[in-house]
Amino acid sequence: MTGTDARRDLVARAGRRTGAGPAAPAVWSRDFGLFFVARAVARLGDTMLPVALAAGLLEHGYGVGAVGLAMASTAAAFAGLVVFGGVIADRFSTRRLMIGADLVRLVAQSLAAGLFFAGQVVLWQICVIGVVNGVAGAVFQPGVASTVPRLATDVQGANGAVRIAESAAQLAGPAVAGLLVGFASPGGVFAAHAATYAVSALCLLLLRLPPLPEGARTTGPGLRAFRADLVEGWREFRSRTWLWGVIAVWCVYMIAVWGPTVPLVATEVVQQHGPRAYGLVNSALGAGTVVGGLLALRLRPRRMLRAGAFALFAFFGFPAAVGAGLGVPAMAAGAAVAGAGLSFWGVMWATSVQTQVPSDVLNRIHAYDVAGSLAMMPVGQALAGPAAGALGADHVLLVSAATSLAVAAALLAVPAIRGLVRADGQAHTH
């Protein structure tokens, strides 16, 4: 962090604590509670969607490829446009943008529910709805990063709480969707998904965000100013070695570790032990992420990225247990430990970005972070099949396990990453 950046960050903090009204609470308040509910409910809906798409499209005669295409339409639109969403979020009211994005997705998913209820399901229409959802998500997501530090002074604690809520929702979402499909129809899942966006929009509407410090938001009109904001965001991103260094390493992680692990673990566990065992392993992974969030509420390391990188070593046990053909209890244990490590890293990373980056470019930086993190995941997923065909799925998972150790070591090997000192003054264990 340069001297100028440090001064700007201090001004931003001072604005939140003094110039923008009364000091924000450490974590819990009426407004953070509303944001917490909005994130938890929206995450619950998002984890219901894959079940709804799979059940609905298969029921109407489409194959697995159609399900993948429908999911990819949302992911591609989101990944391709989130950087531009970051620029928009730094220029306008993030709360209004997030509410607008939720309302767009409410309408889109209500339309999808209507199509499934009527039995008039056409793949291209579902894909168009997916693209609309992806665009709305690209506008929504950048604002999340800048909202947390405006609602709580204990940014790490707030991120830990949100991570716990999202993890719990991720555990419950597929089960709720399965019940709705069984007792109602896929259309009922889409209707419930639409309702989650309505709840999120209502919570954000009731939210009172303190104003940003004067001059923190870019207001210049026109395409040239928009382009200049985009370039400035890239310049700010590139100027921080710890930031782009993590993203560069994370691209390798997505290609060689997370991308292959998700589909290959599903395939191997289902084929060897059945879908019930996969559900157990997946639930263990989700439970581990809750534990990681709880640990992040308590542990306050002075060098957050170093601590998070050490936690990432725990991910090794998940793909290694499945690749080695161990029993279901061992795979579930590996998944739980991996989820805890990954979740703890996530809180350390999010808090570092939110406290080290000046508020006037935070949404753009977060957008570059999200885009860089997501861009390589489809590559890893696409390579998983051919690699498994050539080497065997078990060998690919073992390579992914070894690579996860190399990734954590690479993060620790970069001085700018391991030596980054937290900026919020809340070191040590609480």
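Does at least one position in the stretch 235-242 carry a residue that is hydrophobic (A, V, I, L, M, F, W, C), modelled with pLDDT of 85 or more and part of a helix (DSSP H, G or I)?
Looking only at the stretch 235-242, we keep the residues that are hydrophobic (A, V, I, L, M, F, W, C), and these are 237, 242.
Filter again for modelled with pLDDT of 85 or more, leaving 242.
Subset that is part of a helix (DSSP H, G or I): 242.
Looking for residues that are hydrophobic (A, V, I, L, M, F, W, C), modelled with pLDDT of 85 or more and part of a helix (DSSP H, G or I), one finds at least one in the stretch 235-242, hence yes.
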Discussion item. Pairs please, first residue from the stretch 275-287 and outside the structural domain of LEU264 (by TED's automatic domain parsing), second anywhere and among the acidic types (Asp, Glu), Cβ atoms under 9 Å, 6+ apart in sequence or on different chains.
Written reply: none
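Find the helices (runs of 4 or more DSSP H) located wholly in the stretch 304-361 whose residues include 2 or more that are of a type in the set (Val, Ile, Thr), and list them. Before the answer, list the steps.
Values: elements: 304-312, 317-323, 328-356.
It comes to 328-356.
Of the residues in the stretch 366-401, how many are of a type in the set (D, E, K, R) and without any contact (Cβ under 8 Å) to a residue 40 or more places away in the chain?
In the first step, residues of the stretch 366-401 are kept if they are of a type in the set (D, E, K, R); the result is 369, 394.
Okay, now just the ones that are also without any contact (Cβ under 8 Å) to a residue 40 or more places away in the chain, so none.
Of the residues in the stretch 366-401, 0 are of a type in the set (D, E, K, R) and without any contact (Cβ under 8 Å) to a residue 40 or more places away in the chain.
Suppose we keep only residues that are polar (S, T, N, Q) and within 28 Å of TRP345 (Cβ to Cβ) within the stretch 154-211. Which one would you say is modelled with the lowest pLDDT? Give the derivation first.
Kept after step one, since they are polar (S, T, N, Q), are these residues of the stretch 154-211: 156, 159, 167, 170, 185, 196, 200.
Okay, now just the ones that are also within 28 Å of TRP345 (Cβ to Cβ), so 156, 159, 167, 170, 196, 200.
Working: GLN156: 87, ASN159: 85, SER167: 83, GLN170: 77, THR196: 93, SER200: 94.
The residue in question is GLN170.
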Worksheet entry | Hits in the stretch 140-196 - residues which are polar (S, T, N, Q), assigned to a helix (DSSP H, G or I) and closer than 13 Å to VAL27 by Cβ | GLN156, ASN159
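Are any residues in the stretch 74-110 acidic (Asp, Glu) and under 21 Å from TRP234 (Cβ atoms), and if so, which ones?
In the first step, residues of the stretch 74-110 are kept if they are acidic (Asp, Glu); the result is 90, 102.
ASP90 - this is the single residue of the stretch 74-110 that is acidic (Asp, Glu) and under 21 Å from TRP234 (Cβ atoms).
Can you tell me which residues in the stretch 404-426 are among the polar types (S, T, N, Q) and either modelled with pLDDT of 95 or more or under 14 Å from VAL265 (Cβ atoms) (or both)? Let's see the steps before the verdict.
Applying the first criterion (among the polar types (S, T, N, Q)) to the stretch 404-426 yields 404, 426.
Across the stretch 404-426, the qualifying residue is only SER404.
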Discussion item. Cβ-Cβ under 9 Å, sequence separation 6+ or interchain: first residue in the stretch 337-365 and outside the structural domain of ARG298 (by TED's automatic domain parsing), partner part of a helix (DSSP H, G or I) and aromatic (Phe, Trp, Tyr). Which pairs?
Written reply: none
Fill in: Hits in the stretch 101-122 - residues which are under 19 Å from LEU81 (Cβ atoms) and of a type in the set (Gly, Ala, Ser)
ALA101, ALA108
Worksheet item: From the list GLY100, GLY114, GLY63, GLY119, which one is surrounded by fewer than 19 Cβ atoms within 10 Å (Cβ to Cβ), closer than 19 Å to VAL199 by Cβ and assigned by TED's automatic domain parsing to the domain that holds ARG39?
Response: GLY100
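The values are calculated or read from the model by the stated rules, or taken from the named source; none is laboratory data. For clarity, every value in this text was computed on a predicted model and none was experimentally measured. Because the Cβ atoms are built from the backbone with ideal geometry, glycine has one as well, and the counts that use them run over all protein chains shown.
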